[in-house]
Amino acid sequence: MRGPKDYLKLGDQNAYCDECGFKFKLSELLDRWDGAKVDRKCWEPRHPRDYPQLPRTEQPPQPGTGDENIEYTSVTFSTNPSAPSGTFSGTSGHSAE
């Protein structure tokens, strides 16, 4: 059966929309993001959630950017001299009741 898209256009051919199935000239169809050949009514842009983006975090200041008033604190750890030394066994000498 012949329809309105059955006419001669040199260098063009008839094709069907992958979404709705209607006949168009191939030059009238568009490539959709999923690779389908569709007409203008069936074309849709790719959804923004297909391109996930991490939230931007504030970068720490780089050296020499005006934050030279940083105070540094040094901490020294020492051991307790009154702590017992030696080898300890796994039992405490008490019986569990």
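The values are calculated or read from the model by the stated rules, or taken from the named source; none is laboratory data. Because the structure is predicted, anything quoted here is derived from the model rather than measured. Cβ: placed from backbone, ideal geometry, glycine included. Neighbour counts: every protein chain shown.
Residue count for segment 33-69 satisfying the condition of being in contact with an Asp or Glu (Cβ under 7 Å, 6 or more places away or on another chain) and either at pLDDT 80 or above or under 30 Å from Leu8 (Cβ atoms) (or both): 5. Consider Phe77 carefully, then state whether it is at pLDDT below 95 and part of a strand (DSSP E or B). Here the answer is no, as Phe77 does not meet what is asked. Among the criteria (1) polar (S, T, N, Q); (2) surrounded by fewer than 13 Cβ atoms within 10 Å (Cβ to Cβ); (3) touching a residue at least 12 places away in the same chain (Cβ under 8 Å), the one Thr57 does not fulfil is (3).
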